[in-house]
Amino acid sequence: MNNHFRLKLIDRYIIVKFLGTFIFMIALILSIAVVFDINEKIDKFMTNNAPLKEIVFDYYLNFIPYYANLFSPLFVFLAVIFFTSKMANNSEIIAILTNGISFKRMMRPYMIAALIIAIVSFVFGGYIIPPANKTRIAFEAKYVDPKKRKVGDRDIQFMVAPGTIAYFGNFDLSTNKGYNFSLDRFDSLQLTSRLTAQSIQYDSAYYWTIYDYQIRTFDGLREQITSGTSIDTTMQIVPNDFIIAKTDQQMMTLTELRQYINSQKKRGMGNIQPFQIEYHSRIASILSAFILTIIGASLSARKVKGGMGLNIGIGLVLSMAYILFMTISSSFAVSGAMSPFIAAWIPNLLFTAIAFFLYRRAPN
């Protein structure tokens, strides 16, 4: 049994080729991406007086790992196509198969390399890169596009506690102040009290101050009205719980995402789709490394007249199709037309069918 699982020379050769080409692809493509990004943002860096130290260490030092991990399944795909096509053109694949090694057996080192990449990608994407994204996004908000900072929202309604519903007509995050505030309390679906106020100010640690308020208390057919200029209260919520920016999910680890989603569901918040998509996409990316590895190897193992260029061309088309499916399914999920779980897994399901078809047609 030990001999069965022991890596042979050909296994180590393919694993080294796979991982080496994968790292080369990341370095090549992201180097080009950084050059284009600098060219696009250089005017904003200069206009907003961004220090060189922050550009290098706060922005690009976090920019590179974020995009390397985000597109790691596609880098895997292109790497497999590139080095497998090269092996096929050099008749190395034919030599392997004619020596009694089946295509299924040849895929073992491919899967081992894909497993290594998937584990590293999962750990980095789930727990290491999100804290680093806070620095990158803070830099972008300060020097690249200050207008995109989250500043407030309108018509916010959510459950503060069981039977207690809060509403903000609008909220200004820069001053931590809300306007046209109301707080309704229910007992068995019956309204027992309603507080309305001109404004509400967040202090700290769940402490709030309500200004120009009126409280209506209902007891059967009787109603009692109380009013005042200000009153202090506590609510188990902070402004960042309901003022959401498009990039907030990128700054959360998997554990934080899961806790946030569960917390917002209990409060009845309806703006959690991007967070659910992010959570499921990070998990789905683990399987995508294996699926795209199978597709890439099956597609490139056969020597064709068009050579390596044809395989790379087909690979690029399939890569664009994968990104397109991801974008479309995510859009449907954000709009509420599709479950975030299904949206995250649809590209993998479609490409699993492609992988099965190509694997069956691979040379043996």
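Taken together, the values in this text are just the output of simple stated rules run on the coordinates, not laboratory data. Here the structure is a predicted model, which means the values were calculated and not measured. Here Cβ is always computed from backbone atoms with ideal geometry, including for glycine, and neighbour counts include all displayed protein chains.
Some values worked out for this structure:
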read-out: Highest-first arrangement of 321-334, 83-96, where packing means the average Cβ count within 10 Å; value: 83-96, 321-334
read-out: In degrees, nearest ten, helix 254-267 long axis to first principal axis of the chain (Cα); value: 40 degrees
read-out: Largest to smallest principal axis extent of the C-alpha atoms in the range 152-241, angstrom; value: 42, 27, 23
read-out: Cα long-axis angle, helix 72-89 against the chain (0 to 90 degrees, to the nearest 10); value: 10 degrees
read-out: Ordering of 349-357, 201-209, 105-113 by burial proxy (mean other Cβ atoms within 10 Å per residue, highest first); value: 105-113, 349-357, 201-209
read-out: log10 of Debye I(q)/I(0), alpha-carbon scatterers only, for the range 178-284 at 0.13, 0.17 Å⁻¹; value: -0.64, -0.90
read-out: Acute angle (nearest 10 degrees) that the helix 9-47 long axis makes with the longest principal axis of the chain, alpha-carbon atoms; value: 50 degrees
read-out: 222 nm mean residue ellipticity, helices alone, for the chain (DSSP H n ≥ 4; -39,500 (n - 2.57); rounded to 500); value: -19000 deg cm²/dmol
read-out: Within straight-line cross-link reach of Lys44, aspartates and glutamates at Cα separation under 19 Å, skipping those fewer than 8 residues along the same chain; value: Glu54, Asp58, Glu140, Asp145
read-out: 30 Å Cα-Cα threshold exceeded, pairs from Lys142/Lys266; Lys17/Lys41; Lys8/Lys303; Lys53/Lys86; value: Lys142/Lys266; Lys17/Lys41; Lys53/Lys86
read-out: Extreme residue, positive dipole direction of the chain, given options Ser199, Gln157, Gln264 (C-beta unit charges); value: Gln264
read-out: Residue order, fewest to most beta carbons within 10 Å, for Thr233, Thr21, Thr247; value: Thr233, Thr247, Thr21
read-out: Calculated on alpha-carbon atoms, Rg and Dmax of the range 62-154 in Å; value: 20.6, 69
read-out: Efficiency of FRET from Cβ geometry, Leu70 and Gln236, R₀ 30 Å, rounded to 0.05; value: 0.30
read-out: Residues Val317, Val80, sorted so that the one with the fewest Cβ neighbours within 10 Å comes first; value: Val317, Val80
read-out: Length gained when the stretch Asn364-Asp37 is fully extended (0.36 nm per residue, less Cα-Cα span); value: 113.3 nm
read-out: Relative frequency of Cα-Cα separations exceeding 33 Å in the chain, percent; value: 47 percent
read-out: Sorted peptide list for 115-124, 259-268, criterion being average Cβ within 10 angstrom, highest first; value: 115-124, 259-268
read-out: Cα centre as origin, Lys/Arg/Asp/Glu Cβ charges: the range 152-241 dipole, Debye; value: 160 debye
read-out: Cα extents of the range 63-218 along the three principal axes, largest first (Å); value: 86, 45, 23
